[in-house]
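The values are calculated or read from the model by the stated rules, or taken from the named source; none is laboratory data. Note that the structure is predicted; figures quoted are calculated from it, not measured. As a convention, Cβ positions derive from the backbone with ideal geometry for all residues, glycine included, and neighbour counts pool all protein chains shown.
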């Protein structure tokens with residue numbers, strides 16, 4: 001059974017700081033990994049999708065890496081801004097099928113002005 | 001192109017009651033998945049519907065049921081509500097069942113059971 005863990009659960013940083021969010025998964029036989037952003041009480045917005053054949057993916061100030069063999073992914077946010085404050089979730093397709101996503105509990109990020 | 005919409009936005013029900021949540025999929029998408037997100041937790045997969053049939057189910061009891069209509073919109077029904085059913089319910093649509101990486105999420109319905 002696939003399990004996803006995210007560390008830390010919460011993070012508070014001053015504006016402008018670079019930061020790293022961590023995600024680990026128990027079954028390395030994944031097709032891809034996604035990072036999502038969730039604002040309070042809202043739905044999920046997909047930020048980055050990394051296919052199993054890729055090692056990293058970039059979008060603006062965001063960079064996500066994937067190490068399948070160790071079951072880990074990191075999301076790097078450069079020059080953080082108050083608007084980055086949100087909960088960040090990583091998700092992988094479930095073991096034995098890709099019809100459902102298995103999510104971590106998320107990291108709640110607060111960027112202070 | 002319209003996105004995924006859900007109704008209602010918020011709902012308050014009493015323990016033991018029944019509730020129906022609705023989801024309209026994104027244009028061109030024939031697959032709808034439902035997730036439950038309790039406070040402080042990640043979303044948990046409830047089930048998926050494809051062409052009006054259930055296509056996979058998570059670890060939820062039978063009192064959680066669903067429907068998909070010919071226009072690919074969907075309903076989530078929960079009977080005999082319990083306090084632990086209080087959560088944000090998210091639906092996501094995708095172009096086909098095997099493309100979870102192309103799931104687009106709606107804004108969610110916040111259900112409170114008292």
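A few comments on the model shown:
- Flag for residue A:98 being surrounded by 15 or more Cβ atoms within 10 Å (Cβ to Cβ) and at pLDDT below 95: yes
- Qualifying positions in the stretch B:1-41 - more than 14 Å from chain A (Cβ to nearest Cβ) and not in a loop (DSSP other than H, G, I, E, B): B:12, B:13, B:19, B:20, B:22
- In the stretch B:80-94, the qualifying residues are those that are part of a loop (DSSP other than H, G, I, E, B) and surrounded by 14 or more Cβ atoms within 10 Å (Cβ to Cβ), and the one that is nearest to the other protein chains (Cβ to nearest Cβ) is B:86.
For every residue, the table says whether it meets (1) surrounded by 13 or more Cβ atoms within 10 Å (Cβ to Cβ); (2) closer than 25 Å to residue B:50 by Cα; (3) touching a residue at least 24 places away in the same chain (Cβ under 8 Å).
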{"site": "A:18", "(1), (2), (3)": "no, no, yes"}
{"site": "A:22", "(1), (2), (3)": "yes, no, yes"}
{"site": "A:33", "(1), (2), (3)": "yes, yes, yes"}
{"site": "A:37", "(1), (2), (3)": "yes, no, yes"}
{"site": "A:47", "(1), (2), (3)": "yes, no, yes"}
{"site": "A:69", "(1), (2), (3)": "no, no, yes"}
{"site": "A:73", "(1), (2), (3)": "yes, no, yes"}
{"site": "A:76", "(1), (2), (3)": "yes, no, yes"}
{"site": "A:80", "(1), (2), (3)": "yes, no, yes"}
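- Subset of the stretch B:42-67 that is in contact (Cβ under 8 Å) with a residue 24 or more places away in the chain and not in a strand (DSSP E or B) - its residue that is nearest to the other protein chains (Cβ to nearest Cβ): B:43
- Answer residue from the stretch B:95-114, given it is touching a helix residue (DSSP H, G or I) at 6+ places or on another chain (Cβ under 9 Å) and part of a strand (DSSP E or B) and is nearest to residue A:47 (Cα to Cα) among those: B:111
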